[in-house]
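The values are calculated or read from the model by the stated rules, or taken from the named source; none is laboratory data. On a predicted model such as this, the values are computed, not experimentally measured, just so you know. Neighbour counts are summed over all protein chains in view; Cβ atoms, including those assigned to glycine, are modelled from backbone coordinates with ideal geometry. Note: areas computed on protein heavy atoms with side chains; ligands, DNA, RNA excluded. Shrake-Rupley method; radii C 1.70, N 1.55, O 1.52, S 1.80 Å.
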Amino acid sequence: MRKAAGSKELSRLLPSGEFSWYNLNKCLFNKQKFGERLMANEKEKQILALIKKNPFISQNEIARELKLSRSAVANYISSLMRKGEIVGRAYILPRERKITCIGGANIDQKMYLSGNIKWRTSNPVRTEKSLGGVARNIAENLGRLGAAVSLVTALGNDEAGKWLQESTGAWADLSPVMNISGANTGHYTAIIDGSGEMIVALADMGIYDRVAAGQLAERWNHIGSSSFVLLDTNFPKDVIQYVITRCGEEKIPLAVATVSVPKAEKLPEDLSGIKLLIVNRDEAEAVAKTEFSEKNPLPLADVLFRRGLEKLVVTAGEKGVFYFDRSGFCGHLPAPEAEVRDVTGAGDALAAGVIYGLNEGKDLTSACQIGLACSYLTVQSEKTVAEELNGELLAETVRNLWNDTESNMEGDF
Ligand SMILES: Nc1ncnc2c1ncn2[C@@H]1O[C@H](COP(=O)(O)OP(=O)(O)O)[C@@H](O)[C@H]1O
Ligand SMILES: O=c1[nH]cc([C@@H]2O[C@H](COP(=O)(O)O)[C@@H](O)[C@H]2O)c(=O)[nH]1
């Protein structure tokens with residue numbers, strides 16, 4: 001028989017399977033220690049189960065799941081390593097240069113009037129269908145530019161979901177898509193007047209309310225290895241909060257595009273964790289609860305920086321973009337004059353271009369020029385994402401539009 005173990009040695013013996021009567025008897029002399037040990041064993045078992053399920057799980061994730069502090073998790077893991085229950089760590093690969101877009105994928109139905117709308121009577125229109133959804137549009141734009149991109153969205157098991165899956169699969173990795181049974185894929189209906197401007201749009205997107213933070217957590221292996229994440233505000237508030245918190249904790253650059261005024265209001269008070277917020281003027285006012293003035297937009301930017309935001313891009317239709325960095329740098333670039341056919345998707349194209357530029361290491365001014373070039377191509381197309389967009393056309397458009405312009409227009413209001 002083994003030599004009697006002291007209480008310290010005992011703690012090493014207990015979980016390793018060598019649980020003899022002798023050891024147990026010794027334990028009974030120290031009931032309190034034994035009780036603590038059992039609790040520790042329970043936690044260690046739970047930690048082991050989580051690691052078996054996901055060998056890449058981080059200590060922060062374990063801590064969150066088991067409601068422990070990260071340092072307590074670290075202690076349990078050291079103990080498990082000493083006992084040989086964990087023999088080493090999974091290799092952590094460098095972040096891939098992959099952009100993950102999280103949010104909506106819809107079918108867009110656009111009704112084109114030949115002139116102005118006449119209310120309370122029927123108006124003749126021409127109807128077109130195309131693929132939409134802010135996160136999906138941004139993913140397709142990025143894919144067309146040649147970026148490695150993936151899309152985390154929610155699709156119904158219907159014809160629309162099938163169409164979205166088949167067509168967007170050409171531009172983005174759709175392996176993290178969530179299929180929601182019994183829900184209709186999102187639909188967006190817009191009425192466009194004779195000048196290409198949207199008069200009103202209707203969003204039938206109840207499917208996004210079925211998305212829960214747990215579904216994002218299950219996909220975090222995929223999301224967490226991205227070099228940039230884009231989140232739109234289609235999903236519920238707690239899902240938005242979850243992505244912002246995790247990207248902040250794990251220092252993953254996160255851009256948020258706000259979708260619409262009602263959906264912009266889902267953003268939390270604390271914006272730390274967001275590297276870049278892309279909003280139009282109305283959405284900017286809704287998030288900041290402050291008036292946006294083109295002559296002096298700094299007070300609005302300042303409100304958002306005080307809430308933890310790092311960079312802000314405000315799109316202003318034909319007036320172009322206003323951009324700001326918490327460091328105090330800011331600028332304005334007008335939109336290139338274009339023959340507008342349909343503005344749908346122009347904001348998403350702009351967001352895609354800015355994210356593409358930042359992911360390529362460009363400064364904010366150059367990234368905004370890339371964004372404006374993308375939206376310039378989009379407003380001239382009836383499609384929500386310009387079909388002719390590719391890396392070469394973008395480079396040529398940027399050269400043609402910005403070659404003779406001073407690119408750094410700091411403080412120019
Ligand atoms: N009438 C227009 N003429 C030229 N460019 C436009 C026009 N409308 C929009 N754009 C371009 O699309 C971008 C986004 O448009 P905006 O209307 O601000 O956003 P959203 O479509 O998201 O509401 C603008 O910054 C601009 O570059
Ligand atoms: O509540 C929403 N409204 C609209 C969209 C999408 O927004 C796009 C239009 O973008 P923009 O605002 O840039 O025109 C459309 O493809 C539409 O499907 C969305 O995802 N969620």
Between beta-carbons, use under 12 Å as the cut-off and find the net charge around S195, counting Lys and Arg +1, Asp and Glu -1.
-4
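Using a 1.4 angstrom probe on heavy atoms only, work out the carbon and sulfur share of the accessible area of the chain in %. Working shown, then result.
On the way: 10260 of 20420 Å².
For the chain, the apolar C and S fraction of the accessible surface comes to 50 percent.
How far, in nm, would the chain grow between K67 and E265 when pulled straight, counting 0.36 nm per residue and subtracting the alpha carbon separation? Provide the component values of the computation, followed by the final result.
Working: separation 198, 0.36 × 198 = 71.28 nm, distance 2.95 nm.
Length gained between K67 and E265: 68.3 nm.
Antiparallel DSSP bridges in the stretch 226-345: what percent, to the nearest 5?
Details: 9 of 21 bridges.
Bridges in the stretch 226-345 that DSSP calls antiparallel: roughly 45 percent.
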Taking square-rooted eigenvalues a ≥ b ≥ c of the alpha carbon gyration tensor, is the stretch 147-288 rounded, prolate or oblate, where a/c under 1.5 means rounded and, failing that, a/b exceeding b/c means prolate?
oblate
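Would you mind calculating the relative contact order of the chain from Cα pairs under 8 angstrom and at least 6 residues apart, reporting the percent as a whole number? Please list the in-between numbers first.
Working: 758 pairs, mean separation 48.7, N = 413.
12 percent.
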Cα to Cα, under 20 Å, and not fewer than 8 places away if on the same chain: which lysines meet these conditions relative to K237?
K263, K266, K275, K289
Inverse mean reciprocal Cα-Cα distance (Kirkwood Rh) of the chain, Å:
23.7 Å
Applying a 10 Å radius around every beta-carbon, put 74-85, 303-314 in order of their mean neighbour count, most first.
303-314, 74-85
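Tell me, what is the FRET efficiency for S272 and I117 to the nearest 0.05, using R0 = 30 angstrom and their Cβ-Cβ distance as r? It would help to have the intermediate numbers written out before the result.
On the way: r = 43 Å, r/R0 = 1.42.
So the FRET efficiency works out to roughly 0.10.
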May I ask you to derive the FRET efficiency for E318 and Q241 from their Cβ-Cβ distance with R0 = 45 Å, giving the value to the nearest 0.05?
0.85
Computed E for E388/V87 - FRET, C-beta separation, R0 56 angstrom, nearest 0.05:
0.55
Write down the accessible area per residue of the chain in Å², having rolled a 1.4 Å probe over the full set of protein chains.
49 Å²
Over the chain, the sum of -39500 (n - 2.57) across DSSP H runs of at least four, divided by residue number and rounded to 500 deg cm²/dmol, gives at 222 nm -12000 deg cm²/dmol
